[in-house]
Amino acid sequence: MDCKISIVLVSLLSICTGAPRGGIFNPYEDGPFTIQHVHVGSLFQPSLDENLDIWAPTEAGTYPIMYYLTGGAMMTAGTTYSQMLSHIASHGLVIVTMNRLSMAAPSEKVPYFEDTMNWAEINLEDKLHGDGIPVDVHLDFKTLIGAAHSAGNHVLVEYLKHTCGNFLALIFHDPVDGADPMGIMDDWCITPGEFLNFDIPTYHLSAGLDPAVGDSPSNLGMSCAPAHMSNERFWNALNRNSPRWSVNATKFGHMDFVDPEFNTGGFCAANNEATDEDFDAYRKFVAGQTINFISAVFEDDCTPYLSEIENPSNYIVEGSVRVENSGDSCPTPYCTWEPLPSPAP
Ligand SMILES: *[C@@H]1O[C@H](CO)[C@@H](O)[C@H](O)[C@H]1NC(C)=O
């Protein structure tokens, strides 16, 4: 059977094998794959400078990889997002996060990201197999999905400005530009009014409370995602040709989809009315929307997935959506790139 590309997203699996799906596909619940988490500490890997956290299926197969660049320009540990990321992985992806403490400006962290991807391509499969992931689980380094939270997006965009690499789809969660919340350090990946030089299918999630100031005095009155540095700055800069979706979770805040123990203290504005169940629903929403987008891009029939993204009445939390270039045909996995315009003399 002819599959658009040989990856093991859950319904692709059933398309390729002709097997019926076990139960009804529900992106907002865990998928059919059993996930194992593996931590790789840089201390014990001479050629690796980042701490990695990986969520991988344990069933035999070759899986696409989603690199998830964490907040604080990759200073946040991947395990901060373990519920959301293992949920995504359980639908048939390997998720890789990386982190280290470094006060380098976000743009200067692109080499960290590149070095880690190079290390992973050579070493990660063996490392995972040594840590209990079955040897018939393989990673497809030719099928990469780039995703990030907060200032992780700054690093990811800066990378894509220099090359598409093997990235075929892009996911922004609450993207933040700049290097500090006051915008004092001069380090930006986007210039308002200019378009980015890469064209890739893109899903953008904003939270309604991103620009609001959290309750804790420790934030010195600053927001975690000031309006001029965050969401619209990214959305407006996307290539006019890119098929793209922007979803706003109107009631939630910048950190509201991380694991519960990391969303305390009010450093970032949070949804103060939400119950534990509401936060759980939000984590499932963020994961499920990510799965919908990836499925829409990689599978032949995008209709069921796009209808979940494009109809806020189907959302499991309150939200709204904007769509550009969804058009008559389904999005495909691609990335095209043009050299940056040379600076004016
Ligand atoms: C998201 O929704 C909130 C609440 O309606 C609004 O204040 C905010 O500007 C919206 N954000 C974006 C990026 O559209």
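The values are calculated or read from the model by the stated rules, or taken from the named source; none is laboratory data. Owing to the predicted nature of the structure, the values given are computational and were not obtained by experimental measurement. Counting neighbours? That spans all protein chains shown, and the Cβs are built from the backbone with ideal geometry, glycine included. For the accessible areas, the whole protein counts, side chains as well, though only heavy atoms, and no ligand, DNA or RNA atoms are used. Shrake-Rupley method; radii C 1.70, N 1.55, O 1.52, S 1.80 Å.
Observations
- Residue ranking by accessible heavy-atom surface, 1.4 Å probe, largest first, among His138, His149 comes out as His138, His149.
- R0 of 35 Å, Cβ-Cβ distance Leu340-Ala227: FRET efficiency to nearest 0.05: 0.85
- Packing rank of 154-165, 325-336, 65-76, where each peptide gets the mean count of other beta carbons within 10 Å, highest leading: 65-76, 154-165, 325-336
- Estimated 222 nm signal from helices in the chain, with DSSP H stretches of n ≥ 4 weighted -39500 (n - 2.57), rounded to 500: -7500 deg cm²/dmol
- DSSP-defined antiparallel bridges as percent of all bridges, the chain, nearest 5: 40 percent
- Gyration tensor verdict on the range 5-337 (Cα atoms; rounded if a/c is under 1.5, prolate if a/b is larger than b/c, oblate otherwise): rounded
- Förster radius 22 Å - calculated FRET efficiency between Thr332 and Ile24, Cβ distance, rounded to 0.05: 0.25
- Summed residue charge, Cβ within 15 Å of Leu160's Cβ, Lys/Arg positive, Asp/Glu negative: -3
- Take the chain with all the other protein chains still there, run a 1.4 Å probe, and you get 41 Å² of accessible area per residue.
- Efficiency of FRET between Glu318 and Ile122 - r from beta-carbon atoms, R0 51 angstrom, step 0.05: 0.70
- Whether the range 167-231 is rounded, prolate or oblate, judged on the alpha carbon gyration tensor where a/c under 1.5 counts as rounded: oblate
- The range 176-243-the range 247-326 distance, computed between alpha-carbon centres (Å): 18 Å
- Counting charges near Arg100 (Lys, Arg +1; Asp, Glu -1) among other residues having Cβ under 13 Å from its Cβ returns a value of -4.
- Whole-percent carbon and sulfur share, accessible surface of the chain, 1.4 Å: 54 percent
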